[in-house]
Amino acid sequence: MNEIRAVAKLCLSAGDDHIVAVLRHGPLPNSSYVYLDMELCELNLDQYIRKDWDQRMRDKVPQFTTRDELGPAINAAQIWNIMADISSGVAFIHSRGEIHRDLKPRNGRPLIMNVCLQRTVLYCCGKKKWKVGDFGLTSEGTTNRAAVTRYSRGSPSYRAPELVTDDDSHTFTNKVDIWALGCILYEIVLGKKPFPSDLAVFQYYMEYRSSAETSPLIREIESMTFPDPSSTQMLQKTLVAMLDLDPTKRPPARVLVSMFKGACMDLLACTVGTGPWHWTEECLTGLREFTSDVVMGEYHLYFNY
């Protein structure tokens, strides 16, 4: 089973803090099914975007449920922190030679009594981190080593153009995950998907893949504003790069991690101890990370600052 293969490689004791940990797994007695005993994550990213809170969540994560009251700088820092966490998980997956292929804010598999088994992006209150899960469609591949599939695996609206073309076989690299991350960032900021369907992605690709004309999507991105105005230019340039129709021009996940963490740190450094929900020095601990010269060299290949 592919998911068990990926879980054994990514989610066990040698995993990453931004991957949903699997404590145990194995076959169910007298059954062809297997079980996964995973760490508790109380919130999914779709709930965060839609502000779908019950009172229990309001008590557990007031920094999210009251974010509209916290001011633009902290609101923007939250978005960069979410993207830093998710990108860290994706960077780990890519470092192990795997491609997730199904990143999105929510992924539920309905079971008995409408219970959902798995979701892609989850928040763990205990560790105060956003985490990546659901490895059912994960496949082997890297930036330089492409994978081939006969089917457009993944979820509608988040699939990269190279997965929805009408070729008999779809060749893709781990840059399909960067496209999905771009769709997620767009949705967090605007509260809507950049593409309502795979057909919209396909039509966008066919119309603008060889065109010098600026697409409506890029014009919309270039007119977007961020909760904190100082981050608006970074948002625009980042989204344009992540949603590039040419996968080779999309930045690697490790570059995005450094960029998102740096943006978050810049904002939080100005807001420690302010607002109705206080950022403290402890909140900054996991974000302090020096960017290597190698990563910064790659950064300038993708972002023209």
TODO: Among the residues of region 41-81, write down those that are part of a helix (DSSP H, G or I), over 17 Å from the mean Cα position of the chain (by Cα) and small (Gly, Ala, Ser).
DONE: Ala73
TODO: Take region 14-40 and flag every residue that is part of a strand (DSSP E or B) and loosely packed, with under 10 Cβ neighbours inside 10 Å.
DONE: Arg24
- [ ] Check whether at least one residue in region 38-57 is out of contact with any Ser or Thr (no Cβ under 7 Å at 6 or more places or on another chain), of a type in the set (D, E, K, R) and at pLDDT below 85, and report yes or no.
- [x] no
- [ ] With the condition kept exactly as written, say whether any residue in region 156-171 is buried (at least 20 other Cβ atoms within 10 Å of the Cβ), modelled with pLDDT under 70 and not in a strand (DSSP E or B).
- [x] no
TODO: For region 240-261, enumerate the residues that are touching a residue at least 12 places away in the same chain (Cβ under 8 Å) and either assigned to a loop (DSSP other than H, G, I, E, B) or charged (D, E, K, R) (or both).
DONE: Leu243, Leu245, Lys249, Arg250, Pro251, Pro252, Arg254, Lys261
Task: Hits in region 48-83 (condition: of a type outside the set (A, V, I, L, M, F, W, C), out of contact with any strand residue (DSSP E or B) (no Cβ under 9 Å at 6 or more places or on another chain) and surrounded by 14 or more Cβ atoms within 10 Å (Cβ to Cβ)) - done: Pro62, Thr65, Thr66, Arg67, Gly71, Pro72, Asn75, Gln78
- [ ] Output yes when any residue across region 139-148 is modelled with pLDDT under 90, among the polar types (S, T, N, Q), assigned to a loop (DSSP other than H, G, I, E, B) and surrounded by 14 or more Cβ atoms within 10 Å (Cβ to Cβ), and no when none is.
- [x] yes
- [ ] Determine, yes or no, whether Leu181 is modelled with pLDDT of 65 or more, closer than 25 Å to Arg219 by Cα and either touching a Leu at 6+ places or on another chain (Cβ under 9 Å) or surrounded by 19 or more Cβ atoms within 10 Å (Cβ to Cβ) (or both).
- [x] yes
Task: Given (1) hydrophobic (A, V, I, L, M, F, W, C); (2) at pLDDT below 90; (3) assigned to a helix (DSSP H, G or I), number of the condition Ala91 does not satisfy - done: (2)
Task: Leu122 vs. criteria of a type in the set (A, V, I, L, M), at pLDDT below 85 and either assigned to a strand (DSSP E or B) or closer than 24 Å to Val22 by Cα (or both) - done: no
Open item on the list: Of everything in region 200-219, what is farther than 16 Å from Tyr186 by Cβ and in a helix (DSSP H, G or I)? Give them in sequence order.
Closed with: Phe202, Gln203, Tyr205, Met206, Glu207, Tyr208
Open item on the list: I'm trying to understand the selection: among the residues of region 184-203, which are within 14 Å of Ser155 (Cβ to Cβ) and crowded, with 21+ Cβ neighbours inside 10 Å?
Closed with: Ile184, Pro194, Phe195, Val201
Task: First in region 57-69 and in contact (Cβ under 8 Å) with a residue 40 or more places away in the chain and within 16 Å of Lys129 (Cβ to Cβ), second anywhere and surrounded by fewer than 15 Cβ atoms within 10 Å (Cβ to Cβ) and charged (D, E, K, R), Cβ under 8 Å, 6 or more apart - done: Lys60/Glu42; Val61/Glu42
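The values are calculated or read from the model by the stated rules, or taken from the named source; none is laboratory data. Remember, predicted model here, so these are calculated numbers, not experimental data. Positions of Cβ are backbone-derived with ideal geometry, glycine not excepted, and every protein chain shown enters the neighbour counts.
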